[in-house]
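Structure first, then comments.
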Amino acid sequence: MEKEKNDKNIIRIILNINKEVLYSNVNINMAKNYLKVLISSYDSFNDMPVQSCFKKYQVVIDRFILNNQTFFLIVIAKMADCNNCVKAIRDEVTGLYNRNYLEFIKREALPINMDKYLSLILIDVDNLKMLNDTYGHLAGDKVIRIVGQAIKKGIRQKDLGIRFGGDEFIILLPTKDKMATEKVVTRIRETIHEMAKKHKIDIEVSVGIASSNNTFSIEEMIRMADIQLYEQKIIKREQKKEDETSGLANEILEIKEELNKKVVENGNNLSSIEILDLSQRLDDLIVKYLE
């Protein structure tokens with residue numbers, strides 16, 4: 001109930017480049033009145049995001065570009081309902097846009113140019129749970145910050161970087177060029193690797209890419225990218241199993257050779273502690289390999 005109350009008290013408005021209202025979660029006339037009273041003093045929206053206070057209201061204005069069209073997102077709230085309205089559209093940990101922002105811009109109210117293309121990159125941190133379990137949640141937060149910083153460094157001004165939730169990130173690019181999209185992914189991967197090495201932490205990510213292909217549906221693109229990302233995770237998992245199996249096989253051969261060597265050195269004395277220890281290790285490795 002408290003969330004519903006706050007949702008009603010926070011006004012969300014989307015404008016086009018001409019400052020015309022395209023979407024509002026309140027009556028259109030009410031939205032225009034809010035804009036007239038609270039935004040009239042702004043001559044331009046050049047410096048984004050803008051956050052200011054007027055009487056009992058707090059106002060945040062942010063700009064985004066989608067398919068080469070410029071839009072403005074306005075968030076208006078009473079002081080009591082929003083101590084920091086930037087949190088309504090920005091992720092606190094990474095500084096990227098948050099899932100709320102994605103929900104705003106993907107509404108059908110936006111007049112997206114269907115002749116344009118949109119590409120979507122979905123990034124997921126593979127080993128965040130292991131890092132949290134091993135080093136604690138502070139380490140997990142550091143990983144999220146590093147990935148967020150890498151995304152901000154790797155994308156252009158006209159691209160949108162969004163923390164989709166948890167350890168998942170989305171990037172929207174106004175392009176149909178697969179190579180250009182893959183270059184962005186490469187830049188982000190390289191930056192993550194450099195920053196992770198600097199902080200002495202191992203960060204592994206999987207990536208999925210999808211294109212609108214003239215059918216603008218962000219939800220469908222997310223599903224397509226998620227399938228590709230999941231396939232990448234399966235390949236990694238199988239490769240890891242193969243590497244572990246290969247490592248076990250090599251270790252078994254090494255211990256077997258060492259055991260044979262010790263048997264020859266000790267003649268018939270097969271009860272020596274060293275030989276028994278090697279035999280036990282060999283048995284354990286064989287069982288593990290068979291599993």
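The values are calculated or read from the model by the stated rules, or taken from the named source; none is laboratory data. Note that this is a predicted model, so its numbers are computed, not measured. Heads up, the Cβs are rebuilt from the backbone with ideal geometry, glycines too, and the neighbour counts pull from every protein chain shown. To get the accessible areas, we keep the full protein, side chains included, count just its heavy atoms, and leave off ligands, DNA and RNA. Shrake-Rupley method; radii C 1.70, N 1.55, O 1.52, S 1.80 Å.
If r is the Cβ-Cβ distance from Asn250 to Gln51 and R0 is 51 Å, what FRET efficiency results, to the nearest 0.05?
Working from the Cβ atoms, E equals 0.30.
Where the only charges are on Cβ atoms (+1 Lys, Arg; -1 Asp, Glu), what is the dipole of region 174-215 about its Cα centre, to the nearest 20 debye?
Computed about the Cα centre, the dipole is about 100 debye.
Could you give the length gained by full extension between Arg281 and Glu257, i.e. 0.36 nm per residue of separation minus their alpha carbon distance, to one decimal place?
Additional length available on full extension: 7.4 nm.
For an R0 of 22 angstrom, estimate the FRET efficiency from the Cβ-Cβ distance between Gln228 and Lys198 and round to the nearest 0.05.
On the way: r = 29 Å, r/R0 = 1.33.
For R0 = 22 Å, the calculated efficiency reads 0.15.
What pairs in Lys32/Lys152; Lys153/Lys178; Lys129/Lys152 have C-alpha atoms more than 25 Å from each other?
As for pairs spanning more than 25 Å Cα to Cα, those are Lys32/Lys152.
Out of residues 5 or more away from Tyr23 or on other chains, whose amide H comes under 5 Å of its own, with H placed 1.01 Å from N in the peptide plane?
Ile14
Run the simple label-point estimate for Glu238 and Asn16 please: 7 Å along Cα→C-beta, distance reported in nm.
So the label points at Glu238 and Asn16 sit 4.9 nm apart.
Going by amide H atoms built from the backbone, whose H comes under 5 Å of the H on Arg90, apart from near neighbours?
When sequence neighbours closer than 5 places are left aside, the close amide H contacts are Asn98.
Got a sec? What order do Phe164, Phe64 fall in by accessible area at 1.4 Å, biggest, i.e. largest, first? Spell out each step's value before the answer.
Details: Phe164 25, Phe64 5 Å².
I get Phe164, Phe64, largest accessible area first.
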